[in-house]
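In what follows, a structure is listed as structure tokens, so that the remarks can point back to it.
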Amino acid sequence: MKITIKWPVLAALVLSAATISFAQPFSLPKLPYDYVALEPHIDKETMEIHHSRHHAAYVNNLNKAVTGTAAEKLTMEDLLLTAGRRGDAIRNNGGGHYNHTLFWEILSPKALKAPQGALMQAITAQYGSVDSVKTLLNQAAGTRFGSGWAWLIVTTDKKLLVCSSGNQDNPIMDVSKERGIPILGIDVWEHAYYLKYQNKRGDYLGAIWNVLDWTVVGAKYNAALSDPLLKRIEKDAWTALKDFHMVMSQTFHPAEEGNLQPIRERSSEMMLKATVLRNSPVPASFDSPEIRKAIGNLAIGSMDLNKAVRKKAKDAVLKAKLTALHDTFHIIQGLCSH
């Protein structure tokens, strides 16, 4: 039986297949308001250029950077947490996409001008008043040299913190000094304000509070307190554990392939990293007797391995000791995941 497919149907099928084939992992979010809605505080032309050109460029360039790579299947959180190891294209454009998406969400033509509920209580407890937080944010934004952002974040110990970052970095990233989940971000790139305010960044910072919606910021605060991302950031910021992991990875995997030379060359470095880990503070979320015991075993095992290397032990002996050490390390990793 001959099946005839009419041209409009065939065209639709081809278009559908093409859309699936070339689907991009990230997309430009639609604004919940018109470009003109934030006037006179932020003008229509700035909003249109900022969203449809600048933000769109970050999305397009991010998709180009990840397409065809292992990063293509990663979430935005994964990309940001490892931004420092993924090159400038992902770091800058991933940050640009995340930062601007947050920025559009916290702006509104019908903005609630003051926080309420749990966020208000937290601000009052830490800073005394909302005006104090606004002053700190304006200082962070006004003193940020060149382009960047000012942030109000929830830290890994569930406190509030005002900070700033350069370019399109943000506090989720592994490259940032202050870490946490942003709940409020103020864009101080010139493209955010220059058409209306020219070089008067202070005027822009004064105006933006008229359209910054504390309802959304409050909702983001509540969500951040229970977001698993906080623990991921806390673990990622545990530098001593990351440093040990790096040496372990760079020596254990060659040993699996029969190459024991890396561990023979770096056993003393591994011992040092394990000692630093044992002597460094354990992040609050992971501080348990089980983890402290495993860290102690890691230090003891590293010293034993280093002693075997100095005595020129056979490869089989070193591999067995390194494997045992690797297993101990993964006990820590597993406990941190619970």
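List of remarks:
- The combined condition, being on the phi > 0 side of the Ramachandran plot and either among the charged types (D, E, K, R) or out of contact with any Ser or Thr (no Cβ under 8 Å at 6 or more places or on another chain) (or both), is fulfilled by GLY128.
- Residue match in the stretch 94-108 (condition: among the hydroxyl-bearing types (Ser, Thr, Tyr), in contact with a Leu (Cβ under 7 Å, 6 or more places away or on another chain) and either more than 20 Å from GLY206 (Cβ to Cβ) or modelled with pLDDT of 95 or more (or both)): yes
- Helices (runs of 4 or more DSSP H) fully within the stretch 106-213 counting 1 or more residues that are of a type in the set (Val, Ile, Thr): 117-127, 130-142
The values are calculated or read from the model by the stated rules, or taken from the named source; none is laboratory data. Computed from a predicted model, the values in this text were never measured in an experiment. In this analysis, Cβ positions are derived from the backbone assuming ideal geometry, glycine residues included, and neighbour counts consider all displayed protein chains.
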